[in-house]
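Notes to accompany the following structure.
The values are calculated or read from the model by the stated rules, or taken from the named source; none is laboratory data. All of these numbers come straight from a predicted model, not from anything done at the bench. Every residue, glycine as well, gets a Cβ built from its backbone with ideal geometry; the counts of neighbours run over all protein chains shown.
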Amino acid sequence: MKLKDNLIAEHNQRSIDLHRSKFEFLKTQIIDFESIISKLIDFQIAIPSWALGNGGTRFGRFPGGGEPRNLEEKIEDVGLIHKLNQSGNAISLHIPWDIPKDYQAIRDLAKEHGLRFDAMNSNTFQDQKGQEESYKYGSLQHVDPAVRKQAIDHNIEVIKHGIELGSKSLTVWLADGSCFPGQLNFRTAFQNTLASLREIYASLPEDWKMFIEYKAYEPNFYSTTVGDWGQSLLYASKLGPKAFTLVDLGHHLPNANIEQIVSLLLMEGKLGGFHFNDSKYGDDDLTAGSIKPYQLFLIFNELIEGMNDRKMNHANDLGWMIDASHNVKDPLEDLLQSVEAIMIAYTQALIVDRAALKEAQLKNDVARAQEILQDSFRTDVRPLVAEARLRAGGALDPIGLFRKLEVRQELIKERGFETVATGL
Ligand code: LRH
Ligand code: MN
Ligand code: MN
């Protein structure tokens with residue numbers, strides 16, 4: 001299903017007056033709104049291929065129908081999101097869930113939708129049909145070199161698919177770890193993993209990055225071999241300049257200070273990118289900003305401070321991606337909400353009075369520092385985000401238009417209700 005440009009323009013026309021009055025009011029409170037708008041237009045968030053259907057939990061799955069049945073339909077769904085909000089111009093693939101059969105056709109389809117291929121994700125956390133060795137006791141960490149070799153070869157294969165599609169990065173997330181004390185030797189597991197990662201690293205093209213994603217627990221419940229940012233940073237530092245740490249917001253122990261982690265990784269030049277989502281308890285994979293929007297803002301506050309300090313390009317120098325799962329909402333609506341929440345947090349962080357904050361910090365004026373941050377967080381920047389979307393050709397109200405056009409109903413007609421779950 002493809003949306004026509006005139007539908008978006010007509011929809012915008014209906015609410016333009018209300019938008020204008022809100023925007024004019026906000027303009028009076030923000031000094032450099034034009035430069036913020038151009039930053040917002042440039043800022044793009046990649047959509048994971050596995051988040052386009054209903055994920056479910058280990059207790060069940062309740063599909064809403066019309067889910068994409070193959071890579072082509074996943075690209076079409078991301079194209080729909082991008083058409084509506086003009087902020088999601090990339091798709092991140094997971095291999096083997098998304099193996100392209102015809103590279104040229106896939107590249108052409110993505111181009112037609114204005115999309116590029118973000119990080120490629122390898123999968124050594126599941127056994128695939130016909131696979132010789134099992135990952136039950138780990139992959140890159142495994143005590144058996146044959147299992148490690150199989151996992152290394154898989155990652156190299158993923159890089160090859162990525163090269164064909166024009167991707168520039170590989171994300172390695174490992175389920176490796178242990179469920180019980182004594183199950184493995186921590187140092188051997190680390191060293192095996194490092195040696196395996198070195199072989200994968202050696203296959204990276206010159207202009208590629210490797211992202212090492214950490215996770216505190218699950219599916220292993222006693223230890224994880226890339227369990228936190230410290231361990232990820234160790235691997236990334238030992239591997240070399242193309243290796244970076246990837247922060248998935250749901251992969252920390254409760255109450256971790258993620259903004260501080262982000263700040264220090266940036267300082268070390270080792271922050272690679274993000275998997276945005278939100279959580280209350282664990283790796284809940286909920287809509288970004290739905291539970292802890294202040295945390296999301298504080299993360300962006302550190303990002304902007306650190307990126308400006310290092311003269312980094314906000315849009316291109318880090319990998320921005322969503323990693324979410326949807327149990328009770330329409331996946332496309334949920335993803336539109338996540339992108340919006342990320343854009344809002346980014347905008348709120350852009351309007352922080354940095355000179356005043358620095359002054360407050362130097363004077364140990366704690367109350368003033370808090371006022372400055374909360375003043376930005378409590379500013380309703382939605383008209384600014386909507387203005388950027390409007391100027392880029394997107395819809396003023398993406399979810400409103402999605403519903404008005406009955407996109408989901410159309411997708412169900414096209415693809416059926418009983419669609420197969422692809423991916424998680
Ligand atoms: C692991 C994870 C990782 C995987 C994705 C499916 O919890 O966050 O990024 O690739 O989920
Ligand atoms: Mn993730
Ligand atoms: Mn996760």
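Which members of segment 110-153 meet the condition of being aliphatic (A, V, I, L, M), closer than 23 Å to W208 by Cβ and either surrounded by fewer than 20 Cβ atoms within 10 Å (Cβ to Cβ) or in contact with a strand residue (DSSP E or B) (Cβ under 7 Å, 6 or more places away or on another chain) (or both)? Correct list: A110, L115, A119, M120. Number of residues in segment 248-272 that are within 15 Å of ligand 1 (Cβ to nearest atom) and either more than 14 Å from the chain's Cα centre (by Cα) or within 18 Å of D309 (Cβ to Cβ) (or both) equals 4. In segment 180-201 there is no residue that is outside any helix (DSSP H, G or I) and acidic (D, E).
What tally of residues in segment 202-233 results from selecting those that are out of contact with any helix residue (DSSP H, G or I) (no Cβ under 8 Å at 6 or more places or on another chain) and in a helix (DSSP H, G or I)? Residues meeting the conditions: 3. Scanning segment 244-283 for residues that are closer than 20 Å to A51 by Cβ and not in a loop (DSSP other than H, G, I, E, B) gives L246, V247, D248, G272, G273, F274, H275, F276, D278. Only residues that are charged (D, E, K, R), away from ligand 1 (no atom under 14 Å from the Cβ) and surrounded by 14 or more Cβ atoms within 10 Å (Cβ to Cβ) were counted across segment 273-289, and they come to 0.
If the requirement is being within 16 Å of ligand 1 (Cβ to nearest atom), modelled with pLDDT of 95 or more and either among the aromatic types (F, W, Y) or within 30 Å of N121 (Cα to Cα) (or both), which of these qualifies: D323, D317?
Numbers: D317 fails: within 16 Å of ligand 1 (Cβ to nearest atom).
Among D323, D317, only D323 is within 16 Å of ligand 1 (Cβ to nearest atom), modelled with pLDDT of 95 or more and either among the aromatic types (F, W, Y) or within 30 Å of N121 (Cα to Cα) (or both).
The single condition among (1) in contact (Cβ under 8 Å) with a residue 60 or more places away in the chain; (2) of a type outside the set (D, E, K, R); (3) more than 16 Å from ligand 2 (Cβ to nearest atom) that H326 does not satisfy is (3). Here A256, A216, A175 are screened, and the one residue that is within 16 Å of ligand 3 (Cβ to nearest atom) and without any contact (Cβ under 8 Å) to a residue 12 or more places away in the chain is A256. Only one entry in S279, S263 is touching a Leu at 6+ places or on another chain (Cβ under 7 Å) and among the hydroxyl-bearing types (S, T, Y), namely S279.
If the condition is being surrounded by fewer than 19 Cβ atoms within 10 Å (Cβ to Cβ) and among the aromatic types (F, W, Y), then segment 160-189 contributes F180, F186. Against the numbered list (1) within 14 Å of ligand 1 (Cβ to nearest atom); (2) modelled with pLDDT of 95 or more, Q295 comes up short only at (1).
Considering each of T193, T224 in turn, give the residue that is touching an Asp or Glu at 6+ places or on another chain (Cβ under 9 Å), more than 20 Å from I322 (Cα to Cα) and within 14 Å of ligand 2 (Cβ to nearest atom). Walk me through how you get there before you give the answer.
Working: T193 fails: within 14 Å of ligand 2 (Cβ to nearest atom).
On inspection, the qualifying residue turns out to be T224.
Could you check segment 328-411 for helices (runs of 4 or more DSSP H) lying wholly inside it with 3 or more residues that are hydroxyl-bearing (S, T, Y)? Break it down into steps so the answer makes sense when it comes.
On the way: elements: 331-350, 354-362, 366-377, 382-392, 398-404.
Passing ranges, in order: 331-350.
Within segment 165-178, the set of residues being farther than 15 Å from P96 by Cβ and more than 16 Å from ligand 1 (Cβ to nearest atom) comprises G166, K168, S178. Tallying residues that are without any contact (Cβ under 8 Å) to a residue 60 or more places away in the chain and surrounded by 17 or more Cβ atoms within 10 Å (Cβ to Cβ) within segment 308-320 yields 2. Output the residues belonging to segment 15-63 that are over 30 Å from H314 (Cα atoms) and among the basic types (K, R). Within segment 15-63, R58, R61 qualify.
Any idea which of G289, G306 is under 22 Å from A216 (Cα atoms) and away from ligand 3 (no atom under 16 Å from the Cβ)? Spell out how you get there, then give the answer.
On the way: G306 fails: under 22 Å from A216 (Cα atoms).
Residue meeting the stated conditions: G289.
Have a look at A151, A175 and point out the one that is closer than 18 Å to H94 by Cα, among the hydrophobic types (A, V, I, L, M, F, W, C) and touching a Leu at 6+ places or on another chain (Cβ under 6 Å).
Values: A175 fails: touching a Leu at 6+ places or on another chain (Cβ under 6 Å).
Just a single option satisfies the conditions, and that option is A151.
Search segment 71-87 for residues that are crowded, with 23+ Cβ neighbours inside 10 Å and part of a loop (DSSP other than H, G, I, E, B) and pair each with any residue that is among the polar types (S, T, N, Q) and modelled with pLDDT of 95 or more when their beta-carbon atoms are under 8 Å apart and the residues are at least 6 apart or on different chains. Close Cβ pairs (under 8 Å, with a partner that is among the polar types (S, T, N, Q) and modelled with pLDDT of 95 or more) amount to S87/Q44.
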